[in-house]
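None of the figures in this text is laboratory data; all of them are computed from the coordinates on show. This is a predicted model, so every value here is computed, not measured. Methodologically, a virtual Cβ is constructed for each residue, glycine included, from the backbone with ideal geometry; neighbour enumeration extends over all protein chains shown.
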Amino acid sequence: MCRETFIVWFLIFFTFAGGTIAATQVQERKSKEVTRVKRPKFSEKQWDGIYFRNLFEEGLVGPRPAQLTPGTASTPKSPGGFGSDVADPVVAEGNSKWSGLVSASTIEDEVKAIQKRLAMEVTTPVKFKSEYAKAHQSFSILSMLFGIVREYDSEVRWKRFAEDAQISFERAAANSRVGTIQAYESCKRRKGDLEEMVRGGNFNAAEKPPEILDWSAVVDRSPIMKRLKESKELLKQLSANEREFSGGTEKILHESELIAAMGYALMMENMNDADDDGYLDLAKSMIDAANQTKSACLNQDYDAAAIAINLIDQSCNNCHDEWK
């Protein structure tokens, strides 16, 4: 066989063999099954609190940002409350903006603190007879807090019990204006209901709650003023110097949010003097100062916090001078 013929046959053989191998590999790839990864499944506990249930209701909070032209800057707004961007304590359709004033964690912490106090205030009929005013104060603030929970515009603990709890504590506050054995028994039952709820149980309804809250019945102004005084005294202690401030920012945040919420409650319809423009202006000033305190705390700015806390005190003093 000549050399040229050998080369031709050699090329034909390897071309045929290469095509056969390639075809075999393609056939193997086609016949091989591909196992896809199964779609993951998540329980509600795994995503609850991470993703919004409803983006438009929970994610889009507050007014739209202003449309700025190139080269302009926006004016800082105070966080929540009634700063320059909010003029009315109640927004459209009667829905309140509680979440912009007080966080769900502050409400929960305050309820738990009152539950611990009631454990010492409602113990025996004899002690209750001489110290019933303390129980009256505690139940009054509880009634206010669960009035807030009932109207809260975001997720907050115990919301499903809010209506029953609010009216129960409202009645307990009314009953504890006196130190009788009947008042003691009523307060003891409500104390037990609160303990059960805080532990994670249910709340036993004492009576049918009203469809619409009447804030003048939910809480009197006097218990709010007493709690405001406690908050102011604590804030003064925690802002006495930078060391106290640095170690007490969590408490300052708690009290400043609570002050803003109480100021808001004082402005609700049917509350005493809530129809007086001068009174409302002073309440708004207190809320603004409380929000400034919160902002300074979040920024770890001691000087700004000290100034804001002083403004809270000034707004209260100005109010007392006109409404004694």
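Annotations for the structure displayed:
- Around residue 158: net Lys/Arg minus Asp/Glu count, Cβ-Cβ under 15 Å: -3
- Burial ordering of 112, 236, 208, fewest other beta-carbon atoms within 10 Å first: 208, 112, 236
- Spatially, segment 233-294 and segment 139-161 are offset by 19 Å when compared through their Cα centroids.
- The modelled label-to-label distance between residue 195 and residue 154, using points 7 Å beyond Cα along the C-beta direction, is 3.3 nm.
- The mean sequence separation of alpha-carbon pairs under 8 Å and at least six residues apart, normalised by the residue count of segment 221-322, gives a relative contact order of 29 percent.
- Projected label distance in nm at residue 205 and residue 108, using a 7 Å step from Cα toward the beta-carbon: 2.5 nm
- In segment 118-218, the GluC sites (Glu not before Pro) that fall in loop regions by DSSP, at most 13 other Cβ within 10 Å: 155, 207, 211
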